[in-house]
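See below for the structure under consideration.
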Amino acid sequence: MKNRRSPEGEWKRLRPDAEHALQMLLSEIPSHATPQSLFEAYTYAKDIAARAMQSRMLGDLPAQNKQFELLRGKIKQEMDSRYKELVPPNLLRIPYSGKTHEHLFSLLQKNLAQPVQAAMLRIVTADNVHTERRARELRELGLDVHWYDIEEISVYELRSLNIDFEMIPAIIRNNARKNKSMTKEQKQLILRKAGIPEK
């Protein structure tokens, strides 16, 4: 299997190409370039610059965020203490364990109690469509994530490392909804016995 480059290595590889692409774009703007050539220069510069910037920003984040793992572990521990005798193990799982959510948490944690522009989050994930939804999903875990606008700019903020354990019933309910191996009646019975509202 081919080894993946580290973010630092990827940044060093992409930086010269990004510089060249941006210089080419700048040279096209004041000239009598055709719309097609200007478009091609723009799309190439946009793509290579986005990948370079993502690598640069990931290089400032931990490869493995132990605080993210610790908080998830605390949520799991609290979930088990409340519901282990009432809910099947397959519904007692903590979602959002992938690298995307971890990178978003790392960026917010790096700027703890400070607003982070949504545009920065999108650079880290290289995703202009789903990034903000994934950032909000951290709130579903009970993490202290907030989002609001500053002068019409969307920002996200991790205000503390506190956990709202009252989000746990919603996690279990969502796990039940996504479960394909149980009937609706079985899910309703489990939630009712656990004292978890269906909505």
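Here are the numbers:
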{"item": "Top-ranked residue of the stretch 26-71 - restricted to ones that are of a type outside the set (A, V, I, L, M, F, W, C) and touching a residue at least 60 places away in the same chain (Cβ under 8 Å), ranked as nearest to His101 (Cα to Cα)", "result": "Gln67"}
{"item": "Test: Leu70 is surrounded by fewer than 15 Cβ atoms within 10 Å (Cβ to Cβ) and out of contact with any strand residue (DSSP E or B) (no Cβ under 6 Å at 6 or more places or on another chain)", "result": "yes"}
{"item": "Failed item in (1) of a type in the set (S, T, N, Q); (2) assigned by TED's automatic domain parsing to the domain that holds Leu22; (3) under 19 Å from Glu8 (Cβ atoms), with Thr43 passing the rest", "result": "(3)"}
{"item": "Selection status of Arg133, loosely packed, with under 15 Cβ neighbours inside 10 Å, of a type in the set (Lys, Arg) and in a helix (DSSP H, G or I)", "result": "yes"}
{"item": "Whichever residue in the stretch 53-103 is hydroxyl-bearing (Ser, Thr, Tyr) and within 15 Å of the chain's Cα centre (by Cα) and, among such residues, is nearest to Gly195 (Cα to Cα)", "result": "Tyr96"}
{"item": "Restricting the stretch 72-108 to residues that are of a type in the set (Ser, Thr, Tyr) and free of Cβ contacts under 8 Å to residues at least 40 places away in the same chain, the residue that is farthest from Asn128 (Cα to Cα)", "result": "Ser81"}
{"item": "Residue that is surrounded by the fewest Cβ atoms within 10 Å (Cβ to Cβ) [pool: residues in the stretch 83-105 that are in a helix (DSSP H, G or I) and in contact with a helix residue (DSSP H, G or I) (Cβ under 7 Å, 6 or more places away or on another chain)]", "result": "Thr100"}
{"item": "Pair list, Cβ under 9 Å, 6 or more apart: the stretch 175-199 residue in the same structural domain as Glu140 (by TED's automatic domain parsing) and surrounded by 12 or more Cβ atoms within 10 Å (Cβ to Cβ), other residue part of a loop (DSSP other than H, G, I, E, B) and of a type in the set (Lys, Arg)", "result": "Asn175/Arg93"}
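The values are calculated or read from the model by the stated rules, or taken from the named source; none is laboratory data. Predicted model, so just to flag it, every value in this text is computed and none were measured. Cβ: placed from backbone, ideal geometry, glycine included. Neighbour counts: every protein chain shown.
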